[in-house]
Amino acid sequence: MFPFKLSENIFYVGVNDRKTELFERMIPLPYGVSYNSYLLVDEKVVLFDSVEASFAEESLLKIKNALNGRKIDYLVIHHLEPDHTSGIKQYLAQYPDLQIICNKKAAEMLQGYYGISQNLVVVEDKAEMKIGAHELQFVFAPMVHWPEVMMTYEKTEKILFSADAFGCFGTLDGAVEDTKLNIEKYIPEMYRYYVNIVGKYGSPVQTALKKFADYQIDTICSLHGPVWRENIAKVVEIYDKLSCHEGEEGVVIVYGSMYSHTEAMAEVVARGAAEVTKNVILHDVSKSDISQIITDCFRYKTLIFGCPTYNGSIFPKMAQVLDYLELRGLKNRVFGSFGSFTWAGMAVKTLNAFAEKMQYENIGSVEVKHAMQAADYENLVELGRKIES
Ligand code: FEO
C-alpha cells in the first residue's frame, strides 16, 4: 500500500479499521474508524504516532514505500492510548535505532504498558526541535483526554498534529483531506466521538484551545478522521461549544417504556416542543444506542426525560443514561420530566432529583397513574412548549 501525499515532505501513513464493531468495546462503529499516522521527510525522518497493533504492518509498508530506503529517525508519541501505540514493538523491530520523542508521563506509560525505556527523548512543554527546513514545537495538552497528551505544531507548514482532538469516527474512503471528502459523513461522528471519548474533560479542552488561540494553523492532523484544512473554523467551533456545555436550540426527549404508555406521553411532549423548534429528537432508551443519546444531550439545550417506575425505582435503562451524563458532568441544561406508574410513583421523583443534583433549570413534570387521560394530554403538550428556544 502507498501513502497519501499531503505536501512535498509530509505523508499520511494511517490505516482504516473496518472490522472493529465496538470502539473500546462499548461504542458502535457503523462507519468504522481510522488510526492516523503521519510522516515528515526532511533532513531527518519523523513519524507522528503509530497505529493499533493489527494494522501496524500495513502502516509500516506505507512508510517503507514513502522512504525509498531511508530510516525513521524519530517517533513522536502524542498520546499513549493503545489504539495508537499497541503496534509500537513492530515499529521498533523494523527501525531499532529510532528515538521516541514523548513527555515524562508518556515515558512512564511506555515502560508500564510495553516495558520500553530505551532511546527516549523526553521533552518539556513548548520544547522545540529543528528537522531540516521544518521546525517542531511540542505543546502539552494534559487531560485531552489522557494526562500525557501533547500536540506538535510544525512552524513551516503551520500544521497542528492534534492527538485525538478534532478526531472523529468513520474510515477515510479514498482520500484523507477534508477538501476531498464529503464531510457530512464525519461531522455527526465528530460529535459522537467528542462526547463519548473526550466529553468529561471540557475544562482541559478549553485550556488547550486557549493555548493555541494565537497560532496560525493551516492544517490539523488528528489521530482519527479527516485532515482538516478548509473546515478548521467549523471543527474548532464544535469543540469550543461542546467543551463549554453550550447547547444548541432543540430538545432531546429520552424515554423508556414497557407497554407504550410512557412512549405515548413522549409523542405528546414532542408535539408541544415542535411548536417551538424544529430540532425535536426522540430516543427510546431500549432502542437507541447510549453513545448517540448522550451525544444529542450534549448537543441540544433542553432535555425532557420520561419513564415508568420500575421495582420502586427508575426504569434501569434510563438510570444508565443518567449515570453516563453525570459521569461526564453535562452542565447548563433545561430539564423536564414525565413518567407513569401503577401503584406508587418513583420515576419522576428520581428524575427531578437528578436535575437538582446536576443544577439544571427544571421546567416541570407530568406523572400519570396507569395511562394518559385527556387532562394529562394538555399538561404534556404544555411541558413540551416550555423548552428554551
Ligand atoms: Fe484515539 Fe484516546 O485514543
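How many of the residues in region 220-269 are under 15 Å from T295 (Cβ atoms) and among the basic types (K, R)?
Number satisfying all stated conditions: 1.
Per-residue answers, yes or no, for (1) modelled with pLDDT of 95 or more; (2) within 19 Å of E189 (Cα to Cα); (3) small (G, A, S); (4) in contact with a Leu (Cβ under 6 Å, 6 or more places away or on another chain):
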site: K210; (1), (2), (3), (4): yes, no, no, no
site: Q216; (1), (2), (3), (4): yes, no, no, no
site: V227; (1), (2), (3), (4): yes, yes, no, no
site: I238; (1), (2), (3), (4): yes, yes, no, no
site: G247; (1), (2), (3), (4): yes, yes, yes, no
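Does region 53-109 hold any residues that are touching a Pro at 6+ places or on another chain (Cβ under 7 Å) and buried (at least 19 other Cβ atoms within 10 Å of the Cβ), and which are they?
Scanning region 53-109 gives K62, A66.
Filter region 172-197 down to residues that are surrounded by fewer than 17 Cβ atoms within 10 Å (Cβ to Cβ) and of a type in the set (S, T, N, Q) and give me whichever is farthest from S34 (Cα to Cα).
Ranking the candidates gives T179 first.
From the list S203, S243, pick out the single residue that is surrounded by fewer than 16 Cβ atoms within 10 Å (Cβ to Cβ) and either in the same structural domain as T302 (by TED's automatic domain parsing) or within 19 Å of Y324 (Cβ to Cβ) (or both).
S203
Modelled with pLDDT of 95 or more and either away from the ligand (no atom under 16 Å from the Cβ) or more than 25 Å from E230 (Cβ to Cβ) (or both): does that describe I197? First the steps, then the outcome.
On the way: modelled with pLDDT of 95 or more: yes; either away from the ligand (no atom under 16 Å from the Cβ) or more than 25 Å from E230 (Cβ to Cβ) (or both): no.
The answer is no for I197.
Does L325 qualify as being touching a helix residue (DSSP H, G or I) at 6+ places or on another chain (Cβ under 7 Å) and of a type outside the set (F, W, Y)? Lay out the reasoning, then the answer.
Values: touching a helix residue (DSSP H, G or I) at 6+ places or on another chain (Cβ under 7 Å): yes; of a type outside the set (F, W, Y): yes.
Taking the combined requirement at face value, the residue satisfies it.
Applying the selection to region 206-226, what residues are surrounded by fewer than 20 Cβ atoms within 10 Å (Cβ to Cβ), among the polar types (S, T, N, Q) and either within 14 Å of V149 (Cβ to Cβ) or within 16 Å of the ligand (Cβ to nearest atom) (or both)?
T207
From the residues in region 59-95 that are over 19 Å from S222 (Cα atoms) and in contact with a strand residue (DSSP E or B) (Cβ under 7 Å, 6 or more places away or on another chain), which one is nearest to the ligand (Cβ to nearest atom)?
So, considering only residues that are over 19 Å from S222 (Cα atoms) and in contact with a strand residue (DSSP E or B) (Cβ under 7 Å, 6 or more places away or on another chain), the one nearest to the ligand (Cβ to nearest atom) is Y91.
Can you tell me which of A353, A347, A273 is surrounded by fewer than 18 Cβ atoms within 10 Å (Cβ to Cβ) and among the hydrophobic types (A, V, I, L, M, F, W, C)?
Numbers: A347 fails: surrounded by fewer than 18 Cβ atoms within 10 Å (Cβ to Cβ); A273 fails: surrounded by fewer than 18 Cβ atoms within 10 Å (Cβ to Cβ).
Just a single option satisfies the conditions, and that option is A353.
Applying the selection to region 145-185, what residues are β-branched (V, I, T), within 18 Å of V235 (Cα to Cα) and either within 15 Å of the ligand (Cβ to nearest atom) or in contact with a Gly (Cβ under 9 Å, 6 or more places away or on another chain) (or both)?
Matches in region 145-185: T171, V176.
Somewhere in region 145-155, is a residue out of contact with any Leu (no Cβ under 9 Å at 6 or more places or on another chain), assigned by TED's automatic domain parsing to the domain that holds V205, surrounded by fewer than 21 Cβ atoms within 10 Å (Cβ to Cβ) and under 20 Å from S50 (Cα atoms)?
Looking through region 145-155, at least one residue is out of contact with any Leu (no Cβ under 9 Å at 6 or more places or on another chain), assigned by TED's automatic domain parsing to the domain that holds V205, surrounded by fewer than 21 Cβ atoms within 10 Å (Cβ to Cβ) and under 20 Å from S50 (Cα atoms).
Test S340 against the stated conditions and say whether it is at pLDDT below 95 and either touching a Pro at 6+ places or on another chain (Cβ under 8 Å) or surrounded by fewer than 16 Cβ atoms within 10 Å (Cβ to Cβ) (or both). If you could, list the steps in order and put the result at the bottom.
Values: at pLDDT below 95: no; either touching a Pro at 6+ places or on another chain (Cβ under 8 Å) or surrounded by fewer than 16 Cβ atoms within 10 Å (Cβ to Cβ) (or both): yes.
When the stated conditions are applied, S340 does not pass them.
The values are calculated or read from the model by the stated rules, or taken from the named source; none is laboratory data. Since this is a predicted model, take the numbers as computed values, not measurements. A quick note on method: Cβ atoms are made from the backbone with ideal geometry, for glycine too, and the neighbour counts reach across all protein chains shown.
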